[in-house]
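The structure appears right after this line, and notes come after that.
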Amino acid sequence: MSQIHIAVVVGSLRKDSFNRQLASAMAKLAPPEVTFTQLQIADLPPYNQDEDDYPVAAVSRLKAEILAASGVLFVTPEYNRSIPGVLKNAIDHASRPYGKNSWAGKPAGVLGVSVGAIGTSMAQQHLRNILAYLDMPTMGQPEAFIQAKEGLFDSEGHIGKASEQFLQDWMNHYVAWVRKHLS
């Protein structure tokens, strides 16, 4: 098996966010030939089209990391029934300037966790609309709208027993999705 490298974009800047914890725990469910790197988006300036021809180092780094990845995993909270501004800012930076979209063709997976009963369903739907425009083949099934509640993570940062099989199945599908798009 050849190595598969997944770029992970967590749509939250909070160090102890549920979504950052989910991203780290999901990586532990992947087979050994799949590696995950959480991309840094906190240092990106607000997107400004005037700067497309002269991107700051953080933007160039982000675009290079996406281009080097086999696929992208988005793990997003839901803010006001949509994706957080920091995630949209990262998406905009890496998709510009026109004709230099770093996301194009990268197989994507979308997850999120929230304290609400419907998880991050609205944010995920909005994100899927954006990813379709960016030409990212995005895994449609299984979906995972995860509610943050006691036992979601164990004391070692793994997925808890109640959700482990469901999220293992999601990860297996996602890895197969990426492999399908690499061939």
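Bear in mind these aren't lab numbers, they're just calculated from the coordinates by the rules spelled out. Since this is a predicted model, take the numbers as computed values, not measurements. Glycine gets a Cβ as well: all are built from the backbone with ideal geometry, and neighbour counts include every protein chain shown.
Points to keep in mind about this one:
- In plain terms, the residue of ILE4, ILE118 with the fewest other Cβ atoms within 10 Å comes first and the most crowded comes last, giving ILE118, ILE4.
- For LYS100, the lysines whose Cα comes closer than 29 Å to its Cα, not counting residues fewer than 8 places off in the same chain, are LYS63, LYS88, LYS180.
- Qualifying lysines (Cα of each under 19 Å from Cα of LYS149; at least 8 residues distant if same chain): LYS15, LYS161
- Among the helices of the chain, those built from whole DSSP H runs whose Cα atoms reach 20 Å or more along their own axis and whose mean Kyte-Doolittle hydropathy is at least -1.0 are 161-182.
- Ranked by how many other beta carbons lie within 10 Å on average, peptides 26-37, 80-91, 105-116, 50-61 from highest: 105-116, 80-91, 26-37, 50-61
- Each residue of the stretch 30-37 was assigned a 3J(HN,Hα) from its phi angle through the Karplus curve 6.51 cos²θ - 1.76 cosθ + 1.60 (θ = phi - 60°); the sequence is 7, x, x, 7, 10, 10, 10, 10 Hz, with glycine and proline shown as x.
- Near the amide H of ILE146, within less than 5 Å, lie the amide hydrogens of GLY112, SER114, THR120, all on another chain or at least 5 residues away, with H placed in the peptide plane.
- Separation of the ASN80 and GLN165 label points, Cα + 7 Å toward Cβ, nm: 4.1 nm
- Amide hydrogen neighbours beyond the local backbone of SER17, cut-off 5 Å, H modeled: none
- Paramagnetic reach from ARG14 in the stretch 109-148 [backbone N under 12 Å; point 7 Å along Cα→Cβ]: 113-116, 148
- Taken about its Cα centre, the chain carries a charge dipole of about 180 debye when Lys and Arg each add +1 at the Cβ and Asp and Glu each add -1 at the Cβ.
- DSSP bridge orientation in the stretch 4-182 - percent antiparallel, rounded to nearest 5: 10 percent
- Relative contact order (%) - criterion: Cα under 8 Å, at least six apart; region: the chain: 24 percent
- Reachable aspartates and glutamates from LYS28, criterion Cα separation under 16 angstrom, eight or more residues apart if same chain: ASP154, GLU156, GLU164, ASP169
- Cα centroid separation - the stretch 55-108 against the stretch 3-44, whole Å: 13 Å
- Approximate spin-label separation ASN129-TYR98, in nm, with each point projected 7 Å along Cα-to-Cβ: 2.2 nm
- In this structure, the amide hydrogen of VAL10, modeled 1.01 Å from its nitrogen in the peptide plane, lies closer than 5 angstrom to those of LEU39, VAL75, counting only residues at least 5 positions away or on a different chain.
- Charged side chains reduced to their Cβ positions (Lys and Arg at +1, Asp and Glu at -1) give the stretch 76-183 a dipole of some 480 debye around its Cα centre.
- Chymotrypsin sites (Phe, Trp or Tyr not before Pro) within the stretch 97-183, DSSP loop, no more than 10 other Cβ atoms inside 10 Å: TYR98
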